[in-house]
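Data block below; observations after.
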Amino acid sequence: YSSNKVAKQMGVTTEEIINQASAWSRLGFSSEAMATKMAKYSSMFASISPGLDLDSATDGLVSTMKAFSIGLDNADDVVDGIMSKINVIGNSKALNNSDIVDFLTRSSSALASANNSIEESIAMGEAIVEITRDAAGAGQVMKTTSMRIRGYDEEVEAYTEELENLKGEIADLTKTAKTPGGISLFTDETKETYKSTYKILEEIFGIWDDLTDKNQAQLLEVLAGKRNGQALAALISNFKSAQESMDLMANSAGNAEAEMSVIMDSLDYKLNRLSETGTSVAQNLFKRDDMKTVVDGLTSVMNIIDTLTSKLGLFGSIGMGAGLFGIKEFVKNF
């Protein structure tokens with residue numbers, strides 16, 4: 001009954017809500033109320049994200065929620081904390097919500113560990129995908145870069161002395177008149193807290209044109225490895241777009257709900273609500289064992305009406321009353 005109520009609100013089937021609630025329950029949202037609420041939100045996310053199915057919407061929300069600790073204590077934070085931010089970028093930039101979910105699913109955990117916020121992570125991914133058109137590749141380069149900066153070698157899955165030494169190389173390669181000591185990876189002199197990957201790349205973007213071609217090439221390899229340098233170059237060269245995305249997300253509150261309100265006014269949504277209201281009526285009136293008989297009976301009636309209306313053809317509002325009277329007489333005589 002609760003799933004049917006949500007289904008009517010979100011424009012999906014009762015079965016889909018039940019399946020999603022079960023999935024969320026297995027993911028740790030064990031209470032019925034919480035699992036149903038999260039099923040509502042994943043359905044909403046799929047509805048406002050063309051091309052993103054329910055399972056992918058759920059997977060994307062789960063990985064993002066856990067990585068950035070959003071909505072774990074208060075499920076309602078998911079709407080503006082995640083969905084509105086993704087949707088405003090998907091509506092404003094040259095990528096869609098599905099692309100954003102793709103690169104976040106591949107990189108969110110590593111990016112969060114490297115002190116990046118969800119906004120910074122989305123902004124960097126957007127700037128890459130806008131150039132490369134490769135969401136999966138964007139996720140990989142962001143993951144690799146954030147890990148290498150912190151001295152973690154993804155291939156051997158361990159912190160290595162070789163990558164630890166990159167701190168000095170990055171400083172040497174970024175020495176300019178503006179940054180005579182090079183760019184530091186740390187927030188202060190204690191060197192205990194890393195800057196976010198976004199902040200480091202933003203500083204590099206600020207002096208990028210002052211670097212020699214050789215230093216640029218070496219810096220890309222140091223930061224992203226040999227295979228990801230081209231994608232990182234796309235991010236740095238397009239960093240203004242990342243900054244624009246940050247501004248968009250700063251004012252994104254209410255975006256997901258506004259998008260959903262437009263969908264709720266569509267014909268498909270209204271037809272689904274009619275269908276799910278029929279499901280609700282059936283649940284209220286009939287026992288499970290009686291349902292097959294009832295459905296067969298209703299199907300027979302609808303087949304009669306289908307046969308009749310195929311003969312009548314289309315009619316306007318003026319002729320509707322006469323048409324309905326004709327159907328009534330036909331059924332009575334039948």
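The values are calculated or read from the model by the stated rules, or taken from the named source; none is laboratory data. If you're wondering where the values come from, they're calculated on a predicted model, not measured in any experiment. Every residue, glycine as well, gets a Cβ built from its backbone with ideal geometry; the counts of neighbours run over all protein chains shown. Please note that ligands, DNA and RNA were not included when accessible areas were found on the heavy atoms of the full protein model with its side chains. Shrake-Rupley method; radii C 1.70, N 1.55, O 1.52, S 1.80 Å.
When nucleic acids and ligands are ignored and a 1.4 Å probe is applied, D80 ends up with an accessible area of around 60 Å². Pairs spanning more than 29 Å between alpha-carbon atoms, out of K8/K292; K195/K240; K175/K195; K40/K240: K40/K240. Using a probe of 1.4 Å, the accessible surface attributed to E119 totals some 50 Å² when neighbouring protein chains are kept in position. Relative to one another, the C-alpha centroids of segment 1-36 and segment 43-111 are positioned 18 Å apart. In this structure the amide hydrogen of F186, modeled in the peptide plane, comes within under 5 Å of the amide hydrogens of K195, none closer than 5 places in sequence on its chain. Per residue, the accessible area of segment 31-109 comes to 36 Å² when a 1.4 Å probe rolls over the protein heavy atoms. The figure for D213 is an accessible area of roughly 120 square angstrom, using a 1.4 Å probe on the protein chains alone. Size estimate for segment 30-170 follows the Kirkwood approach: the inverse of mean 1/r over distinct Cα pairs works out to 15.8 Å. Expressed as a whole percentage, what fraction of the accessible surface of segment 159-230 belongs to carbon and sulfur atoms when a 1.4 Å probe is rolled over the protein heavy atoms? C and S atoms contribute 46 percent here. Charge dipole of segment 1-157 (Cα centre as origin; +1 on each Lys and Arg Cβ, -1 on each Asp and Glu Cβ, all else neutral): 280 debye, rounded to the nearest 20. Farthest toward the positive end of the dipole of segment 1-67, out of F29, I18, T58, is the Cα of F29, where the dipole comes from beta carbon charges about the Cα centre. Taking only protein heavy atoms and a 1.4 Å probe, the accessible area of segment 1-134 is 46% carbon and sulfur.
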